[in-house]
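What follows is a single structure, written as structure tokens, with notes after it.
The values are calculated or read from the model by the stated rules, or taken from the named source; none is laboratory data. From a predicted model like this one, the values you see are computed outputs, not experimental measurements. So basically every Cβ, Gly included, is an ideal-geometry build from the backbone, and we count neighbours across all protein chains shown. In case anyone asks, the SASA skips ligands and DNA or RNA and just uses the protein heavy atoms, side chains included. Shrake-Rupley method; radii C 1.70, N 1.55, O 1.52, S 1.80 Å.
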Amino acid sequence: MKIFSSLFLLATLGALSGAASDCVAAVDTSQWKCETCPFEKSGLSGSVDVGAAVASAASSKFGDFTGFKRKGGYLLADGELRWRGDGGWFGDLTAANLGLDSRELAADGGREGAFALRLGYAELPHYLSTGAQSPYLGVGSSVLTLPAGYPAATTTAMPLAGTLQPVDIGFKRSRLDLGGSFQAGEHWGIGIKVRHDVRDGTQRSAGSFFASAAQLVAPVDQVTDQVEVKASYIGRSLQASLAYHASVFRNGPESVTWSNPFTAGLISTGRGQLALAPDNQFHQVTATLGYEITPRMRASADVAVGRMTQDASYLAATLNPSLVVPGLPALSLDGRVSTLNASLRLSASPTETLRLNASYTRDERDNDTSSLAWPAVSTDLFVAAVPRVNQPYGFTQDRFKLGADLRWPDRLRLAVGAQHDTVTRTLQEVDTTREASIWGRVTLQPAKDLSLALKLAHADRNTSDYRPVAAIDPAENPLLRKYNQADRKRDSGGMRADVAFSETVQAGLSVDMAYDDFANSSIGLDSGRSVDIAVDVAVAVSDETQLQLVAQSQRIRSRQAGSTLYAQPDWWGTSKDRVDLLGIGVKHLALKGKLELGANVSVSRSRSQVAVDTGASSPAFPTARVAVDSLKLQASWQMSPQISLIGNWWYERYDSTDWRLDGVLPATVPNLLALGEVPARYHVNLIRLALRYRF
């Protein structure tokens, strides 16, 4: 593969033009046009797409985020409008998917170097379930009741055949963005961003009474408002900024109340109540500073101080009138958490080939919430003899990093680094964890058509004494080690090779591996490993045809130990996950570039296996599988300089098996009123045709 320098080419052309100036007449350049200049012409330009789409089948999974959920026709409407005026004035308007539930609209305008304003609106659907059914009335509200015929002793005795109704589980997110930036002088700038997010719909939930349970559909009616105001200074050697950010979350219903579909003699109660996400706020002030000490040395720092609060009123401990519950020690949580995120970085280049960097980062979470004793009610039927004490835990994390990057002129580059991470926790099993890690990377280009890269890393985490938290009831097994607070050794490595077989064929191969060893954990996560292999190939068949191929395979395996007798391990669990992906893409230009054709094929397979060894013969969990096959064909025909015809055919097949859902109908389990969801399975053909007009 030959690589030409642009500067060399320009110098050569200049020399040739100078040598030929004595024998060639001067060239008239008055009519020459720059086809690739970045400067935009003044005036109005843009494009409008109008068309239709047809989906062959209905699928919530296929419509997730895309908006193509139902069977039938859709209106396609997209476009962009650009205006450039004298003196740097500009205006942009873009619209996408106006006929779908995933629509977007944005407008930008202002004057280059002076100010800019933005207004944006977007909707995005998120469907969470397939085939869900429920007998409850009032789905989508905060009160769920049951029709006549309930309660019953078991699900088989319930009148499900005449009362089950399909329910949609999912929500739509609507987002409104406002923003502006202003230049307050040669070096000063001011920016303002406001965002209003609304989530409206439903989500899964569940409630229980003693040994019976019901899967529920809870309402989603949430609003999040965010605002950010920022002032910045940009000079030759000094850059700085100061910003304020606020986020306010509000939830419409504070709870969901549901009727008990089961009867269980004297211990039954008629209604239950679950709290939903409480209102809360977050405020943060951020400052950044960057300074060029010398042309070869630069320092930067940032600090962010935040405050989280939550003070929603508590619900009643239970709706069961037969229970005598002690009074609550407070009417609300009055939650207060202070945060600090700060870092300091220094980089230097003592020579042209050597670069050094160092950084220190500190993160703090200081929980000022009161720790109180609360009456504990189990499944609305029992009051525990011992109250529960909330644990307002916090932590402090300090990270030190050192690194060096050395470049040799003979196509060799070496990078090494080290990091030390210390985490100090409060009200948790481990007070302090310390982790030291080192890494190195070598990049080599032994030939002009071949480059190799190798990276190795080792990390060793040690902890202070592991002590179960006294306030946790029932008490934890003293042999348990939570994976994020346990001694661990981690070894990882990666390799990347890129080769150009010719000027038209290039390929790459990468391999990444990691192994975690929790040798000192008797109960808990014991080990974990992962292997990821990827291959990519690019082929320029001709000037008009390009081909790309990507293949990837990933394996993840973990092993953990447990105890049913609150003692030494007596069972072991193994999890194996496998994901394979193959993708092929082709682009072709025909009719002298007026017809652009494209095709993309992707095939993916994933498999998850869970096995539990208890020492006795027992059936293994069924394998969970997902298979996705997708074919996309695109065509764009430029009928005239202003008009193009755009077509697209998208076929997708999705097939999955999940033992948690397969065969679990609403009445399958006698003491569980299930939603009867099924794993997603669909075959969808989507055809889109649109006319594009440019002006």
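Within the stretch 536-546, the set of residues being surrounded by fewer than 16 Cβ atoms within 10 Å (Cβ to Cβ) and assigned to a strand (DSSP E or B) comprises Ala540, Thr545. Scanning the stretch 441-454 for residues that are without any contact (Cβ under 8 Å) to a residue 40 or more places away in the chain and surrounded by 15 or more Cβ atoms within 10 Å (Cβ to Cβ) gives Arg441, Thr443, Leu444, Gln445.
Under 35 Å from the mean Cα position of the chain (by Cα) and either open to solvent by 60 Å² or more (accessible area, probe 1.4 Å) or at pLDDT 95 or above (or both), is that true of Ile234? So Ile234 fits the description; yes.
Of all residues in the stretch 274-329 being open to solvent by less than 50 Å² (accessible area, probe 1.4 Å) and hydroxyl-bearing (Ser, Thr, Tyr), which is farthest from Ser141 (Cα to Cα)? Residue satisfying both the conditions and the ranking: Ser300. Can you list residue pairs whose Cβ atoms sit under 8 Å apart, with the first residue in the stretch 384-410 being over 30 Å from Thr353 (Cα atoms) and open to solvent by 50 Å² or more (accessible area, probe 1.4 Å) and the second being polar (S, T, N, Q) and not in a loop (DSSP other than H, G, I, E, B)? Count only pairs 6 or more apart in sequence or on different chains. Close Cβ pairs (under 8 Å, with a partner that is polar (S, T, N, Q) and not in a loop (DSSP other than H, G, I, E, B)) amount to Tyr393/Asn367; Tyr393/Thr426; Phe395/Thr424; Phe395/Thr426.
When residues of the stretch 104-139 are filtered for being of a type in the set (Phe, Trp, Tyr) and surrounded by fewer than 17 Cβ atoms within 10 Å (Cβ to Cβ), how many remain? Break it down stepwise before answering.
Restricting attention to the stretch 104-139, the residues satisfying the condition of being of a type in the set (Phe, Trp, Tyr) are 115, 121, 127, 136.
If we keep only those that are surrounded by fewer than 17 Cβ atoms within 10 Å (Cβ to Cβ) as well, we get 115, 121.
Of the residues in that region, 2 qualify.
Does Thr257 meet the test of being within 30 Å of Ala157 (Cα to Cα), in a loop (DSSP other than H, G, I, E, B) and either free of Cβ contacts under 8 Å to residues at least 40 places away in the same chain or open to solvent by less than 60 Å² (accessible area, probe 1.4 Å) (or both)? It is false that Thr257 is within 30 Å of Ala157 (Cα to Cα), in a loop (DSSP other than H, G, I, E, B) and either free of Cβ contacts under 8 Å to residues at least 40 places away in the same chain or open to solvent by less than 60 Å² (accessible area, probe 1.4 Å) (or both). From the residues in the stretch 481-524 that are touching a Phe, Trp or Tyr at 6+ places or on another chain (Cβ under 8 Å) and assigned to a strand (DSSP E or B), which one is farthest from Gln560 (Cα to Cα)? For the stretch 481-524, the residue satisfying everything is Ala507.
Residues that are part of a strand (DSSP E or B), open to solvent by less than 40 Å² (accessible area, probe 1.4 Å) and closer than 15 Å to Thr657 by Cα within the stretch 609-642 comprise Ala624, Ala627, Val628, listed in sequence order. In the stretch 267-293, the residues that are in contact (Cβ under 8 Å) with a residue 60 or more places away in the chain reach residues that are of a type in the set (Phe, Trp, Tyr) and open to solvent by 50 Å² or more (accessible area, probe 1.4 Å) with C-beta atoms within less than 8 angstrom, at least six apart or across chains, in these pairs: Ile267/Phe210. Consider the stretch 62-100 and keep the residues that are crowded, with 17+ Cβ neighbours inside 10 Å, assigned to a loop (DSSP other than H, G, I, E, B) and in contact (Cβ under 8 Å) with a residue 60 or more places away in the chain. The one that is nearest to the chain's Cα centre (by Cα) is Asp64. Looking across the stretch 364-383 at every residue that is more than 22 Å from Val469 (Cβ to Cβ) and in contact with a strand residue (DSSP E or B) (Cβ under 7 Å, 6 or more places away or on another chain), the one that is surrounded by the most Cβ atoms within 10 Å (Cβ to Cβ) is identified as Asp380.
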